[in-house]
Every structure is written in C-alpha cells, then in structure tokens.
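Structure first, then comments.
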Amino acid sequence: MRKILLGDTFFHGLVGFVLGTLLGMLLIVSLGMWGFKFAPEIILEISPLEIVSLGITVLLALYVTSKLTKKTEEDRIEKDLLISDLKEFKAEFVSKVHKILHSKTIKVVEVSSTLKVLRIALNTIIELVDKHNLAQTCAARAELDKRIRDINDLLTDVPQDAHDGTVISGGEISLTAERKDKVVAVLYDFNKLVFEVVAAVNRS
Amino acid sequence: MNPTLSIAKEFSRTPGSRYRTESTFSGEEFRETCLKPRFLQAVEKGTKLTVVLDGTSGYATSFLEEAFGGLAREYGSEKALKHIDIISTEEKYLKDDIVEYITKANA
C-alpha cells in the first residue's frame, strides 16, 4: 500500500514536471508571438549548494505529500469501517425489535438478553467513535444509548402505577397496541439519530 | 474489604420481571431474599454492599427498578446510595440506570 502511494506521488510529480515544462515553453512561444523578445543566450550559473538545496526541497515535497496522502487514506478507512458498523448495527437492531414486536409471545428474559447484546454492541461502536475523535460534538451520539434504553423500558417494564393495560404473566409480556406504536416511534427516532452520527463521522 | 453480592452466582443467571406473580426470579424475590438482608448487614457494619451485575443473560427494567428502587422506597434513597455499590463490567451503563432508579424512588 505504502509503495503504491509513494509510486503514485512520484508519478504525479513527474507528470506535473512535464506539464509545467511544456506550459512554460508554450508561454515563451506565445510571448514571442506578441512581440516580446528574449536574450538569445541564457547563462546558467548554478552553484553546488543550490543543487543540493533544490534536491532537498524536492525530496521534502515528495515525503510530505506521501505522508499526508497516507494519513488521509488511513483516516478514510477508519471512518468507512465505523460507518459500516453503524449501518449494520442499525439494520440488525431494527430487524430484531420488529421480530420481537411481531412474535406471538414475548418472553421478558429473551427480550432482556437480546437487548443486552445489542446495547453492548452499540456502546462498543460509540467507544470506537470517541477513541478516534470522530463525531464527539454530535449530540445524537449520546442519544442513541438512551433510545435503546427507552425500547428496553417499553418491552420489559410494567411500572407500579401502570394503567395502559400492559401485563406480565408467566414471564411473558403482552403489549398493548399503544406500547407497540411507541416502540415503532422510538425506532424511527433511532434511525434518524444513526443517520446524524454517520453524517458527523463522515464530516469529521 | 466490602461484602459482595453476585446476582448471577447467588440468585439467578436469568433474572425475571418485577413481581413474584409475574415471573420466576423476580426483582421482588431478589430484593426480599438476597438484597435486603445483605444490605441491612452492610448498614449495621457501616460498610458498602457491592452488587455485581455481570454473568446474567440481561436485566428487565422492571427487575432492576423493583429490586433497587424498591429498596430505596423502603429505606430511603440516601441510605441506599450510601450502602450500595454497583459493579458491571459487561454493561457499564447499568450503574447509571440503577442510581437513577434509586434516586427517583423517593421523588
């Protein structure tokens, strides 16, 4: 990879040099056509010090360009991986929650287990986002975990003073239509937040 | 060294819902048979009871709220927070959730 990048940089430098020379010659010819005159002889006086200085400048330019290109390439790879993880997580999360909503019996223990795995997975991705200083100013980042917690509450909690008709019996929860609608609404919000985080990672 | 209570080892790897009438291994059962007696021992000795959450299949909100929020409703949030410490390496965010259940229990 590194060789390819360095090779690319050298090739681009060479093309730039050839193009620059050609353009320079074209400029001289054009100026001649407009009546400008040049001295018939060009005296070349280059000291060894200037040659060394020129060589160092060219080498430095190539080195800095190759380093910057490499860093940019690495940053892009990291961002693409994180964005891919976030998108895959979103698809899996939405799919599993829909599966729970459409199943005939919803066992609280199974739902808790599924959501534990998903919440750990999300927090691992967010830790990676933070570790690489991506999307740190994005408020949606912190909101994602809250949405999973909201869904966990909606699918596994019957408050002491609950009056919405949701009951748990034999370890199974029977959700009211109203609760199911709330879960779907949180899912929509979750999708929006993932989009915002992906956009922030991409921009950073 | 503070006394420790591991839910997975001393109660169940598959905690259930809020009340005994709803499921096996409920939050109510955990609070009455495990958490409360050990909490009272810690209060008596002036130490902190460390509750370890790791090793289970996951927690329903009802279970945690009934166990820890229920304890706070009986003995007060301040006392509960003073004598209980939560450890969760698998799900670090659960500590914040439980502190919230304890704090809100008296509100």
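Read-outs throughout are calculated quantities, based only on the coordinates presented, and are distinct from any laboratory measurement. Predicted, not measured: the structure shown is a model, and the values here were computed from it. Please note: Cβ atoms are built from the backbone with ideal geometry, for glycine as well, and neighbour counts cover all protein chains shown.
Grab the beta carbon distance between A:Glu143 and A:Met25, set R0 = 41 Å, and tell me the FRET efficiency rounded to 0.05.
Working: r = 61 Å, r/R0 = 1.48.
Computed FRET efficiency for A:Glu143 and A:Met25: 0.10.
Enter the mean number of other protein chain beta carbons within 10 Å of the beta carbon of each residue in A:133-141, as an integer.
Working: counts 0, 0, 0, 0, 0, 0, 0, 0, 0.
Counting Cβ atoms of other protein chains within 10 Å of each residue's Cβ and averaging gives 0.
When the helix-only estimate is applied to chain A (DSSP H runs of n ≥ 4, each -39,500 (n - 2.57), divided by the residue count), what is the mean residue ellipticity at 222 nm, nearest 500 deg cm²/dmol? Show your work: numbers first, answer last.
On the way: 5 runs with 155 residues, N = 204.
Calculated mean residue ellipticity at 222 nm is -27500 deg cm²/dmol.
Give, as ranges by residue number, the residues of the stretch B:4-19 whose backbone N falls under 17 Å from the point 7 Å along Cα→Cβ of B:Gln41.
B:4-12
Longer than 25 Å from Cα to Cα, which of A:Lys116/B:Lys79; A:Lys71/A:Lys131; A:Lys131/A:Lys180; B:Lys9/B:Lys104; A:Lys192/B:Lys104; A:Lys116/A:Lys146 are they? Say none if no pair is. Mind dumping the intermediate values first?
Values: A:Lys116/B:Lys79 29 Å; A:Lys71/A:Lys131 17 Å; A:Lys131/A:Lys180 36 Å; B:Lys9/B:Lys104 28 Å; A:Lys192/B:Lys104 29 Å; A:Lys116/A:Lys146 13 Å.
Checking Cα-Cα distances, A:Lys116/B:Lys79; A:Lys131/A:Lys180; B:Lys9/B:Lys104; A:Lys192/B:Lys104 exceed 25 Å.
Leaving out same-chain residues fewer than 8 places away, which aspartates and glutamates sit with a Cα under 18 Å from that of B:Lys92?
The qualifying aspartates and glutamates are A:Glu127, A:Asp130, A:Glu143, A:Asp145, A:Asp150, A:Asp153, B:Asp54, B:Glu65, B:Glu100.
Determine, for A:His102, A:His132, the number of other Cβ atoms within 10 Å of each Cβ, and report the residues in order from fewest to most.
Working: A:His102 9, A:His132 16.
Sorted ascending by nearby Cβ count, the order is A:His102, A:His132.
Hey, what number do you get for chain B at 222 nm if only DSSP H runs of n ≥ 4 count, each worth -39500 (n - 2.57), divided across all residues, to the nearest 500? Please list the in-between numbers first.
Values: 7 runs with 48 residues, N = 107.
Helices in chain B give a 222 nm mean residue ellipticity of -11000 deg cm²/dmol.
At what distance in angstrom do the alpha carbon centres of the stretch B:36-107 and the stretch A:131-196 lie from each other?
That distance is 22 Å.
Could you tell me which of B:Tyr59, B:Val99, B:Thr33 has its Cα farthest along the dipole of chain B towards the positive end, charges placed at Cβ (Lys, Arg +1; Asp, Glu -1), taken about the Cα centre?
The residue sitting most towards the positive pole is B:Thr33.
For chain A, what value does the Rg/Rh ratio take when both radii are computed over Cα atoms and Rh is the Kirkwood radius, given to two decimals? It would help to have the intermediate numbers written out before the result.
Working: Rg = 31.1 Å, Rh = 22.7 Å.
Taking Rg over the Kirkwood Rh, I get 1.37.
Output the relative contact order of chain A, whole-number percent, from Cα pairs under 8 angstrom with separation of 6+ residues.
23
Taking only complete DSSP H runs, can you tell me which helices of chain A stretch 27 Å or more along their own long axis by Cα positions and average at least 1.0 on the Kyte-Doolittle scale?
Sorted by number, the helices that extend far enough and score high enough are A:2-33.
Which distance in Å, rounded to a whole number, links the C-alpha centroids of the stretch A:71-118 and the stretch B:1-19?
For the stretch A:71-118 versus the stretch B:1-19, the Cα centre distance is 27 Å.
What average count of beta carbons from other chains do you get within 10 Å of the Cβ of residues in A:148-154?
Working: counts 1, 6, 1, 0, 5, 5, 1.
Average per residue, whole number: 3.
Ratio of alpha-carbon Rg to the 2.2 N^0.38 Å globular estimate for chain B, to two decimals, please. Kindly include the intermediate steps, with their values, before the conclusion.
Numbers: Rg = 12.4 Å, N = 107, 2.2 N^0.38 = 13.0 Å.
Cα Rg divided by the expected 2.2 N^0.38 Å: 0.96.
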